[in-house]
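Working notes, structure below.
The values are calculated or read from the model by the stated rules, or taken from the named source; none is laboratory data. Computed from a predicted structure; not experimentally measured. Cβ coordinates were reconstructed from backbone atoms using ideal geometry, including for glycine residues, and neighbour counts include every protein chain displayed. Protein only, heavy atoms only, side chains kept; ligands, DNA and RNA dropped before computing areas. Shrake-Rupley method; radii C 1.70, N 1.55, O 1.52, S 1.80 Å.
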Amino acid sequence: MTVSNQEISQLFENLGVLLEIKGDSIFKIRAYQRAARTINDLSFPLSTAVDEGMDLKQIPGIGKAISDKIREMHTTGRVSAYDKLLEELPQGVLSLVDIPGIGPKTALLIGKELGISTIEGVEQSIGDGRLAALPGMGQKAAAGILRHIQAISTKDQRTPIGRALPLAEEIASALREKCPGIVELFPAGSLRRWEETIGDIDLVGAASCPEEAAQALVSLPVVKEVLVHGGKKTSVVVEPGIQVDLRFGETASFGAMLQYFTGSQQHNIRLRDYANRMGLSLNEYGITSRDTGTGGTGVLEEFPTEEAFYARLGLPYITPELRTGVWELDAALEDRLPNLVQSSDLKGDLHLHSEWSDGNDPIEKMVEAAIAQGYDYMALTDHSAGLGIANGLSPERLEKQIAVLRSMQAGCPIAILCGSEVDIRSDGSLDYSNEMLAQLDVVVASVHSAMGQDSATMTQRIIKAMGHPSVTIIGHLSTRLLGQRPPTDFDLEAVLHAARETGTALEINASPERLDLKDTHAYRARELGVPLVINTDSHDHTHLDKKRYGVAVARRAWCQPQDILNTFTREQFLEFIRTPKPDRIKVFDAAHTSLPSGGRP
Ligand code: DGT
Ligand code: CA
Ligand code: CA
Ligand code: ZN
């Protein structure tokens, strides 16, 4: 049987959930969760490895029990231990746990007491009051669950960028490999503008063999359905119901084509209006000057690059992340486009997990990964103990970890900062004592519970945490998971002003399932002079590369390097964290020169 890595990964994910529902050992649950994540990230198909006789136990995180289950699934397509668990538990509990806001215990209760096995059933039981009447439930909790259900059903069918981008890159590299005649091939559309969700993937290219490239696309194994297979455009549906549009043009006019299909539509409309006033008209092949006096037709000018295209219009290059059609054209005309932050500007990552809490890797491996990024500093921030499931550190274990980290510093080329991702409890207090927190270099404070609080309560909760002298950064402010969990309710303006007043930084969490702050929130934070930090929240040494998603959010927010705290040199950053709050905001402000900072006129 050929089972895909995704199917195997999903099975272990489910196994973990079922054991959680049963209340099994936390270590067993974590082992399955870890295996699921490892398998999902593997770069080779497990099925093939089994066929080739590979010893699966060579893969980190895969022991005998898990290896046996993979083999069983490979041979029979099923895993008997999993089937047995499914039989033991009420039918449909797995789909109940999929509803955000319903944990394993609640799912079991709903299944057992109400005999409900579907989302619709849950919705009904909220409507007629049966859910609220369950022990430990109540009106408020039921209303919270309803809110989550509505968020799922109204969510649009757009694909999160974290899924679309790797897929587009995979397709592009497969095409390049098959057709050496491809000269250019880029993602365009919303993907190139780094929007957080993507309607469809647009690829545009220039090639000596466009027909061959189109043929290569339709014959890729990921393609499920061919919608259009034409001369100029080929459209296909790939694996998870995502559409890919592929277009080819001439090298000589590639700049105009890439510009046209990058959009946004609004940017192109504004650009076209502007060009019209200059007597020029734009299309995907180039720029034509209109002979306005006599009504005669002009000549088409071609542009191999976008730079040349914009230059012909008397404009500096406008980077795709800014092409929203709002203020970028005015800023370009007034020569106040920002010098946007880039991945290479980052000098540290301040939110990293190790296997001491819920990460996959030992501390050493995370330090090596930070060194490999070329960083000058990093903070290890495992979870505090409040979250049972994330294997958070008790104060004793944190003390031990601090000692380990301090002992690793000698001879290490980068600064290893001792940190924690400490839970902000529902009342805004923190999960460690003040004395414990004062020992840390970097404290990332995050909300992980009671996410259904009303706006006033949530706002006060976050502001209280920001008032704590040891809190350096607020992690993933809204707690949203793209397409899965709605953001919490809070007063953004109040939170941003408090951040500025207390000298607390806000995180742009680069993990592509979060992107939190989102672009518009980061934009407003920058305007108000709130220090921002781009963190990966890595749970594996390979996750540090995901910084590019966070950098894109910052770029869409018109951030320059000086707006981002972790572009600071080691000395500057250490000065920032060593200066007591709220005065440290002055250290941040000192890095701000009089460079234009873009955005609104
Ligand atoms: P998406 O796919 O919904 O995330 O957003 P986009 O921006 O990728 O939109 P898409 O795929 O419809 O089109 C790609 C780009 O092509 C779009 O940003 C602007 C450009 N474009 C040029 N002419 C047209 C047109 O007539 N209609 C549309 N919709 N887009 C056009
Ligand atoms: Ca698109
Ligand atoms: Ca498209
Ligand atoms: Zn977190």
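Observations, loosely collected:
- Helix-only mean residue ellipticity at 222 nm for the chain, each DSSP H run of n ≥ 4 adding -39500 (n - 2.57), per residue, nearest 500: -12500 deg cm²/dmol
- Semi-axes of the equivalent ellipsoid for the stretch 343-591, computed as √(5λ) from the eigenvalues of its C-alpha gyration tensor and ordered from largest down, come to 24, 21, 18 Å.
- The angle separating the long axis of helix 547-556 from the principal Cα axis of greatest extent in the chain is about 50 degrees.
- Reach of residue 546 by Cα under 22 Å, taken over lysines that are not fewer than 8 positions away in the same chain: 347, 365, 518
- Span per principal axis, largest first, for the Cα atoms of the stretch 5-154 (Å): 56, 31, 26
- Angle of helix 492-502 to the longest C-alpha principal axis of the chain, folded into 0 to 90 degrees and rounded to 10: 80°.
- Cα convex hull volume per residue for the stretch 325-418 (Å³): 147 Å³
- DSSP-assigned coil residues among trypsin sites (Lys or Arg not before Pro) in the stretch 196-289, each with at most 12 further Cβ atoms within 10 Å: 232
- Cα gyration tensor, the stretch 237-343 - rounded (a/c under 1.5), prolate or oblate: oblate
- Scaling the Cα radius of gyration of the stretch 23-107 by the globular reference 2.2 N^0.38 Å produces a ratio of 1.24.
- The value of relative contact order for the chain, using C-alpha pairs under 8 Å at least six residues apart, is 9 percent.
- Percent of C-alpha pairs per 10 Å bin, the stretch 453-552, short to long: 16, 48, 31, 4
- Sorted into 10 angstrom bins from 0, the C-alpha pair distances of the chain split as 3, 14, 22, 25, 20, 11, 3, 1, 0 percent.
- Of the accessible area of the chain, computed with a 1.4 Å probe over protein heavy atoms only, carbon and sulfur atoms account for 51 percent.
- Taking only the alpha carbons of the stretch 159-249, we obtain Rg and Dmax values of 11.9, 33 Å in that order.
- The spacing between the stretch 19-54 and the stretch 191-237, judged by their C-alpha centroids, is 33 Å.
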